[in-house]
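Just below is one structure, and these are the notes that go with it.
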Amino acid sequence: MDSSPALKTTEPVPDSMPEAPSQSRYHMKRCFAKYMEKGRRIMKLHHLMDELESAIDAKTERELILGSDLGYILCYTQEALVVPPHMAFAVRRSPGNWEYVKVSSDSLSVEGMSAADYLKFKEMIYDEEWAKDENALEVDFGALDFSVPHLTLSSSIGNGVDFISKYLSSKLSGTPDSAQPLVDFLASINYQGENLMINETLDTAPKLQMALIVAEASLASVPKDTPFQDFEMRFKEWGLEKGWGDTAEKVKDTIRWLSEVLQAPDPTNMEKFFSRLPMIFNVVIFSPHGYFGQSDVLGLPDTGGQVVYILDQVRALEEELLLRIKEQGINAKPQILVVTRLIPDARGTKCNQELEPIIGTKHSNILRVPFRTEKGVLRQWVSRFDIYPYLERFTQEATIKILDQLEGKPDLIIGNYSDGNLVASLMASKLGTTQGTIAHALEKTKYEHSDVKWKELDPKYHFSCQFIADTIAMNATDFIITSTFQEIAGSHDRPGQYESHAAFTLPGLCRVVSGINVFDPKFNIAAPGADQSVYFPYSEKHKRLTQLNPAIEELLYSHVDNDEHIGYLADKKKPIIFSMARLDTVKNITGLVEWYGKNARLKSLVNLVIVGGFFDSSKSKDREEMAEIRKMHDLIAKYQLKGQIRWIAAQTDRYRNGELYRWIADTRGAFVQPALYEAFGLTVIEAMNCGLPTIATNQGGPAEIIVDGVSGFHIDPNHGEESSNKIADFFEKCKVDNQYWNKISAGGLKRINECYTWKIYANKMLNMGCIYTFWRQLKKEQKQAKQRYIQMFYSLQLRNSMKTVPIKTDEPEQAAPKP
Ligand code: UDP
Ligand code: LCN
């Protein structure tokens, strides 16, 4: 049954329904009666379709219904609410576009509803009293966005910088006065109090234009390599300061781009000009939770890709900053500070050290600030879900240390994950600094109905804090960086992580009728890369770390069980399928082991190697990890996998991991990422960078990273048999066609080099920093109004929720389990 026919109309759903009741009325009524049967509840599309099928036997009749206008509603429904005698439907025709309708099961009449009414309807299922409370707290961030322009095309979501450049072009054109905000903005640019670009004499667009004409003419016959210092004095007399470029050639480019913008603004010159502006020198990056360190931390609870991402990001950003500052002709030292939590009980890591230089950088450091309670410094690790009560004090103390370390304010503050984004919002609002946020993974979509069920989940997850903190940060920030489109607005049939915050409700706490709009131009996609000095292709033989060969040979093929590995591979000639992840349920490593165990064809073709967790569940502090460890042991026993599986404990040495991916490639194997949901998936791009064919989940980021059948393959984690057969098909095809493996390997590498490198990322991020600093200046009044609203929401709501999270008391330190 095709469940997604094209809509007949582009009108809003309720307006297009007048004739609906007349079509297939009898069958439709039967179908609605079936939906009503079990009383109040939430239904998903597949439930609607299953029950439609059981209510109406004949296929032709079902098709008739689905072809009717009411049928269209069913087909585009993300969620339906049954509150007899009505049903409410949340209809999503395309990414980001939602409509809500209410249908009477008796008369089949269709009525449009607001998001607020839809949420009230939903609350009726969980908390009727709250739903009926006329004065229940409603939060409406959209009400403050009236003067912000929004994108309209789903396909443009995530291209905020492009949109803003275009918008600015139209706003700055017209009369000379239209460009005045740009002139004022340029006049405010300085480094440590010293004017850059222009000084106060060029205070209008015509004066600036004239100075540019004179300056450009003066450079006409100057050799292109002439240093700026040679004509600096003349420039100063015309009102032009340092920052235009280090050589005559660079200066001429910058002048030309601005002259074009002042003459007739266009987005291309606007973007080029902004990318040249000397505005960012000091950057603060918050990542409070987890163990944030440079070695021996991966595999510890809550400590995964985010740490890898940030360290690589810092190296790429510093490199790009140094290059830009040099090309701007300025003598400045950029500083990047990663600010995290200092953990006295550091389990052998450096997380108890206050300041640690970041390896591979010249001026970047990790600054660690402890969590403090009334009893003093908290010594132990705290789960990311329980972290909220410490954050406000942490922000205050971190701010003092940061200002001290940087000897001034940062130019850009970046948050990571819910805790870091909240801290970044608090500090950016206090200092008036431009802010960016990165979620890595928003928790809300990972747990079904986690908003309405918050009371049930709160003791374990404290979503009453997390979802509010996320919504506050999304609204407070100037720009949001995501790794993929799907993170913002999902796909054709699945809403995005941010999109799920558009309207949601926490019955008893607040009803967020407008949380975030995915058409907001603050969203930008900038995908991370993998460090290419660590993850390089298996075929680059001269670069291979051959000194690691004995260690890797032992790791993969020895026949002993010890603390680092268990199981063995009896047939060394078989290719290996490899997976590496933290042993979280969502990573579904046990799912992969089970698929492998059940699929005789796959077992006959390949061996299985898993890296993750450790073997003694009693040593884990993480509930999910303990369960996964036990499950791994059970599956290995159940499917008698000894001889075909090697389970290696979590690995912390990325150089050795890089070589491990390449060793797997040498066996003509593949990397398999079977997650039930993966926000982005750094292991996927690490494997692809090594030229290892990659077969990864179609749920989340990997669906976008890999083009199925070209640069790897997608598998559906919800259909294990189909997935394991797809993996087996790949290896069978490789046996028949000895070029097939090479083709997929090369396809993966091509995709990486075109779209997933840190160089591309760093460039995009610094451009965002510049353009959104101007944007926030332009929208100052509106920004301030929103800030006041956010502050009120924070003080009255989030602070109360934070008080419900128990404060930890230090336990005596235990022997650290081996990561
Ligand atoms: N990783 C590791 N050792 C392990 C498991 C993972 O070094 O035992 C690294 C892996 O190479 C990758 C990161 O941790 O760089 C995991 O990032 P990913 O985005 O795949 O998942 P996350 O853990 O962030 O959910
Ligand atoms: C968190 C995740 O869950 C992963 O999917 C990402 O790759 C990682 O952060 C880095 O952004």
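Between Gln787, Gln791, Gln797, Gln782, which is in a helix (DSSP H, G or I), out of contact with any Pro (no Cβ under 7 Å at 6 or more places or on another chain) and buried (at least 18 other Cβ atoms within 10 Å of the Cβ)?
The match here is Gln797.
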Q. From the list Ser418, Ser429, which residue is within 25 Å of Lys808 (Cα to Cα) and among the hydroxyl-bearing types (Ser, Thr, Tyr)?
A. Ser418
Q: Spot the failing condition for Ser383; the list is (1) open to solvent by 10 Å² or more (accessible area, probe 1.4 Å); (2) within 30 Å of Ile325 (Cβ to Cβ), and only one is missed.
A: (2)
Q.
Suppose we filter Ala600, Ala637, Ala650, Ala570 for residues that are under 27 Å from the mean Cα position of the chain (by Cα) and either at pLDDT 95 or above or aliphatic (A, V, I, L, M) (or both); which single one remains?
A. Ala650
Q) If you scan the stretch 556-585, which residues turn out to be of a type in the set (Gly, Ala, Ser), surrounded by 13 or more Cβ atoms within 10 Å (Cβ to Cβ) and part of a loop (DSSP other than H, G, I, E, B)? A) Ser558, Ala581
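Residues are listed down the side, and each one gets a yes or a no for (1) of a type in the set (D, E, K, R); (2) within 9 Å of ligand 1 (Cβ to nearest atom):
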residue	(1), (2)
Ile645	no, no
Ile648	no, yes
Tyr655	no, no
Glu659	yes, no
Ala665	no, no
Gly669	no, no
Pro674	no, no
Glu678	yes, yes
Val684	no, yes
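Name the residue that is nearest to ligand 1 (Cβ to nearest atom), counting only residues in the stretch 310-327 that are open to solvent by 20 Å² or more (accessible area, probe 1.4 Å) and not aliphatic (A, V, I, L, M).
Within the stretch 310-327, the match that is nearest to ligand 1 (Cβ to nearest atom) is Arg315.
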Q: Looking at (1) in contact with a Gly (Cβ under 6 Å, 6 or more places away or on another chain); (2) away from ligand 2 (no atom under 16 Å from the Cβ); (3) hydroxyl-bearing (Ser, Thr, Tyr), find the lone condition where Thr303 falls short.
A: (2)
Q: Go through (1) open to solvent by 20 Å² or more (accessible area, probe 1.4 Å); (2) on the phi > 0 side of the Ramachandran plot and name the single condition Gly245 misses.
A: (1)
Q: Identify the single condition in (1) within 13 Å of ligand 2 (Cβ to nearest atom); (2) of a type in the set (A, V, I, L, M); (3) open to solvent by 30 Å² or more (accessible area, probe 1.4 Å) that Ile705 does not satisfy, given that it satisfies every other one.
A: (3)
Q.
Quick check on Lys779: is it away from ligand 1 (no atom under 16 Å from the Cβ), modelled with pLDDT under 95 and out of contact with any strand residue (DSSP E or B) (no Cβ under 6 Å at 6 or more places or on another chain)?
A. yes
Q) Counting only residues that are touching a residue at least 60 places away in the same chain (Cβ under 8 Å) and aromatic (Phe, Trp, Tyr), which one in the stretch 671-729 is nearest to Arg544 (Cα to Cα)? A) Phe671
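Pick out the one residue from Ile359, Ile330 that is part of a loop (DSSP other than H, G, I, E, B), modelled with pLDDT of 95 or more and within 16 Å of ligand 1 (Cβ to nearest atom). Break it down into steps so the answer makes sense when it comes.
Working: Ile330 fails: within 16 Å of ligand 1 (Cβ to nearest atom).
The match here is Ile359.
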Q: Scan the stretch 135-176 residue by residue and report those that are among the polar types (S, T, N, Q) and part of a helix (DSSP H, G or I).
A: Ser154, Ser155, Ser156, Ser165, Ser169, Ser170
Q) Only one of these conditions is not met by Arg393: (1) under 29 Å from Thr804 (Cβ atoms); (2) within 24 Å of the chain's Cα centre (by Cα). Which number is it? A) (2)
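Can you name the residue in the stretch 98-122 that is among the hydroxyl-bearing types (Ser, Thr, Tyr) and not in a helix (DSSP H, G or I) and, of all such residues, is farthest from the chain's Cα centre (by Cα)?
Here is the first cut: in the stretch 98-122, the ones among the hydroxyl-bearing types (Ser, Thr, Tyr) are 100, 104-105, 107, 109, 114, 118.
Then keep just the ones that are not in a helix (DSSP H, G or I); that gives 100, 104-105, 107, 109, 114.
Details: Tyr100: 27, Ser104: 39, Ser105: 40, Ser107: 44, Ser109: 41, Ser114: 29 Å.
Ranking the candidates gives Ser107 first.
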Q. Within the set of pairs 6 or more residues apart or between chains, which connect a residue that is more than 16 Å from Leu766 (Cα to Cα) and part of a helix (DSSP H, G or I) inside the stretch 402-416 to a residue that is of a type in the set (Asp, Glu) and open to solvent by less than 60 Å² (accessible area, probe 1.4 Å) with Cβ atoms less than 8 Å apart?
A. none
Q: Quick one: which residue in Val139, Val148, Val82 is over 30 Å from Asp478 (Cα atoms), surrounded by 15 or more Cβ atoms within 10 Å (Cβ to Cβ) and among the β-branched types (Val, Ile, Thr)?
A: Val82
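Just name the residue that is surrounded by the fewest Cβ atoms within 10 Å (Cβ to Cβ) out of those in the stretch 275-299 that are on the phi > 0 side of the Ramachandran plot and within 16 Å of ligand 2 (Cβ to nearest atom). Please lay out each step first, then the result.
Quick first cut of the stretch 275-299, residues on the phi > 0 side of the Ramachandran plot only: 290, 296, 299.
From the residues that got through so far, the ones that are within 16 Å of ligand 2 (Cβ to nearest atom) too are 290, 299.
Working: Gly290: 27, Gly299: 22.
So the residue we want is Gly299.
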Q) Say we look at the stretch 151-193 and pick out the residues that are modelled with pLDDT of 95 or more and of a type in the set (D, E, K, R); which of these is most open to solvent (accessible area, probe 1.4 Å)? A) Lys166
Q: Hey, can you tell me all the residues within the stretch 631-685 that are open to solvent by 50 Å² or more (accessible area, probe 1.4 Å), more than 16 Å from ligand 2 (Cβ to nearest atom), more than 22 Å from Asn742 (Cβ to Cβ) and part of a helix (DSSP H, G or I)?
A: Lys631, His633, Asp634, Ala637, Lys638, Tyr655
Q) Glu448: part of a loop (DSSP other than H, G, I, E, B), away from ligand 1 (no atom under 16 Å from the Cβ) and open to solvent by 10 Å² or more (accessible area, probe 1.4 Å), yes or no? A) yes
Q. Among the residues of the stretch 686-701, which ones are within 16 Å of ligand 2 (Cβ to nearest atom), modelled with pLDDT of 95 or more and in a strand (DSSP E or B)?
A. Thr694, Ala696, Thr697
Q | Failed condition for Ser579, given (1) more than 16 Å from ligand 2 (Cβ to nearest atom); (2) at pLDDT 95 or above | A | (1)
Q: Taking the residues in the stretch 415-445 that are over 17 Å from the mean Cα position of the chain (by Cα) and open to solvent by 30 Å² or more (accessible area, probe 1.4 Å) as candidates, determine which candidate is nearest to ligand 1 (Cβ to nearest atom).
A: Leu426
Q) Given Val222, Val284, Val307, which one is modelled with pLDDT of 95 or more, out of contact with any Cys (no Cβ under 9 Å at 6 or more places or on another chain), within 16 Å of ligand 1 (Cβ to nearest atom) and over 26 Å from Pro176 (Cα atoms)? A) Val307
Q.
Can you tell me which condition Thr268 does not meet? The list is (1) among the β-branched types (Val, Ile, Thr); (2) modelled with pLDDT of 95 or more; (3) crowded, with 22+ Cβ neighbours inside 10 Å, and all the others hold.
A. (3)
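Counting only residues that are open to solvent by 60 Å² or more (accessible area, probe 1.4 Å) and in a loop (DSSP other than H, G, I, E, B), how many does the stretch 615-630 have?
2
The values are calculated or read from the model by the stated rules, or taken from the named source; none is laboratory data. The structure displayed is predicted, hence computed values, not measured ones. Here Cβ is always computed from backbone atoms with ideal geometry, including for glycine, and neighbour counts include all displayed protein chains. Accessible surface is based on the protein model in full, side chains and every heavy atom, while ligands, DNA and RNA are left aside. Shrake-Rupley method; radii C 1.70, N 1.55, O 1.52, S 1.80 Å.
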